[in-house]
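The values are calculated or read from the model by the stated rules, or taken from the named source; none is laboratory data. What you see is a predicted model; the values in this text were computed from it and never measured. Please note: Cβ atoms are built from the backbone with ideal geometry, for glycine as well, and neighbour counts cover all protein chains shown. Only protein heavy atoms, including side chains, enter the accessible area calculation; ligands, DNA and RNA are left aside. Shrake-Rupley method; radii C 1.70, N 1.55, O 1.52, S 1.80 Å.
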Amino acid sequence: MARADGTIVRNKDRAQIEDMDVLPMVSPIYKRDLDTSKYYGGYQRHPYVSFYTGRGCKSRCTFCLWPQTISGHRYRHRSVPKVIEEVKYILAEMPEVNEIFFDDDTLADAHDFVVELSGELRKLGFGTPGFRVTWGCNAKANVPQPVLKAMKEGGCRVLLVGYESGNQQILHNIKKGLRTDVARQFTKDAHALGLTIHGTFILGLPGETLETIEETINYAKEINPHTIQVSLAAPYPGTFLYKQATENGWFDSSHDLLTDGGNQIAQLSYPHLSSAVIFEKVEEFYKRFYFRPSKIWEIVREMLTDWDMMKRRLREGVEFFDFLRRRKEAA
């Protein structure tokens, strides 16, 4: 951006960086400035660090901010040796780290790349008995079983998976490029391999109704990821969803997405489904997923066999109930 005669003028887009290997490692900055003990991720082993191996995402999800405004839809990644160089740095210089998270939008979409990377990580010891450090990444719910198997053998522990909705038409509406039957099989394959899944879902996307919300809650309970995150559809400026919301008058009132306290607002409202109802359904989703006897026992059993997990789950429980309290105050 630039200013001309007091007005903001958008400059021509700069050419995208093609050779990701020219970018410097971020881990030395972490080493210098970051106290990893102060940062927690609900689905990640503590302490952890995350970094990107590339930029861009080939998926066309209408709500997703980064590919539409910053990185583009063509995935360009660093070479495997360059990624391994950074992993070696973390192992040597940040010995407190228990997990590395590759934060690319959908790392596992590049099958050949992630299989090669998994093989090289295994050569470092990842995935072998007694090796302490694990890794995880974002993944679309359509990664083939052989690729998942290679990732598991290379030390992968956790996948962050954007399921978004259990209704196929909504997935079509947001251009997710995913079938629910494929996602079901992917989840079965991942579970069978012992991979942990943190599943993310969104309520209030175009086409949402009370019936599709119920369908998504039941879908989440059926596929049963280890943990979940339920968000409200957020029409960020620069996305196709923002354009849709503006053209169709879906904004509830202002274009704010957060309260002054930082809590998410249900911004989209439809003639058949108000933003207030969508907001309340998020809390119902969490309660119906987590307050099941089978899920409660799963969490308790995990806590009883791992002291670190005990401390983590207790902290998450406090945060969860605080989250519910703050939601009620925001409402």
Among the residues of the range 169-205, the number that are more than 27 Å from Y270 (Cβ to Cβ), of a type in the set (V, I, T) and either part of a helix (DSSP H, G or I) or touching an Asp or Glu at 6+ places or on another chain (Cβ under 8 Å) (or both) is 2
Residues of the range 76-89 being within 21 Å of V161 (Cβ to Cβ) and surrounded by fewer than 16 Cβ atoms within 10 Å (Cβ to Cβ), in sequence order, are none
Here the residues within the range 50-65 that are outside any loop (DSSP other than H, G, I, E, B), open to solvent by 10 Å² or more (accessible area, probe 1.4 Å) and not basic (K, R) are S50, L65
When restricted to V133, V182, V161, V114, the only residue surrounded by fewer than 16 Cβ atoms within 10 Å (Cβ to Cβ) and among the aliphatic types (A, V, I, L, M) is V182
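I'd like to verify a number: residues in the range 215-247 that are touching a Phe, Trp or Tyr at 6+ places or on another chain (Cβ under 9 Å) and not hydrophobic (A, V, I, L, M, F, W, C), how many?
Filtering the range 215-247 for residues touching a Phe, Trp or Tyr at 6+ places or on another chain (Cβ under 9 Å) gives 216-217, 219-221, 223-236, 239-242, 244-245.
Add one more test, that the residue is not hydrophobic (A, V, I, L, M, F, W, C), and what stays is 216, 219, 221, 224-227, 229, 231, 235-236, 239, 242, 244.
Matching residues across the range 215-247 total 14.
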Residues of the range 90-101 being farther than 16 Å from K123 by Cβ, open to solvent by 10 Å² or more (accessible area, probe 1.4 Å) and either part of a helix (DSSP H, G or I) or touching a Gly at 6+ places or on another chain (Cβ under 7 Å) (or both), in sequence order, are E93
Picked from the range 1-58 (must be out of contact with any strand residue (DSSP E or B) (no Cβ under 9 Å at 6 or more places or on another chain) and of a type in the set (S, T, Y)), the residue farthest from V97 (Cα to Cα) is T7
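For the range 164-178, what are the residues that are open to solvent by less than 30 Å² (accessible area, probe 1.4 Å) and either among the basic types (K, R) or out of contact with any strand residue (DSSP E or B) (no Cβ under 6 Å at 6 or more places or on another chain) (or both)?
Narrowing the range 164-178 to residues open to solvent by less than 30 Å² (accessible area, probe 1.4 Å): 164-167, 170-171, 174, 176, 178.
S165, G166, N167, I170, L171, I174, K176, L178, listed by residue number.
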Listed by first then second residue, the pairs whose first member lies in the range 177-191 and is under 22 Å from F63 (Cβ atoms), whose partner is among the acidic types (D, E) and surrounded by 15 or more Cβ atoms within 10 Å (Cβ to Cβ), with beta carbons under 9 Å and at least 6 positions apart or on separate chains, are L178/E164
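Working only within the range 67-88, note down all residues that are part of a helix (DSSP H, G or I) and either of a type in the set (V, I, T) or at pLDDT below 95 (or both). Give the derivation first.
Within the range 67-88, the subset part of a helix (DSSP H, G or I) is 67-71, 80-88.
Across the range 67-88, the qualifying residues are P67, Q68, T69, I70, S71, V80, V83, I84, V87.
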Apart from one, (1) modelled with pLDDT of 85 or more; (2) more than 30 Å from R45 (Cβ to Cβ); (3) of a type in the set (S, T, Y); (4) over 22 Å from the mean Cα position of the chain (by Cα) all hold for S254; the odd one out is (1)
In the range 7-49, anything small (G, A, S), out of contact with any helix residue (DSSP H, G or I) (no Cβ under 7 Å at 6 or more places or on another chain) and crowded, with 17+ Cβ neighbours inside 10 Å is listed as G41
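Just name the residue that is modelled with the lowest pLDDT out of those in the range 102-113 that are farther than 17 Å from T196 by Cβ and in a helix (DSSP H, G or I). Walk me through how you get there before you give the answer.
Within the range 102-113, the subset farther than 17 Å from T196 by Cβ is 104-106, 109-113.
Imposing the further condition that a residue be in a helix (DSSP H, G or I) reduces the set to 109, 111-113.
Values: D109: 89, H111: 95, D112: 95, F113: 96.
The selected residue is D109.
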Exception for M151 within (1) in a helix (DSSP H, G or I); (2) open to solvent by 10 Å² or more (accessible area, probe 1.4 Å) falls at (2)
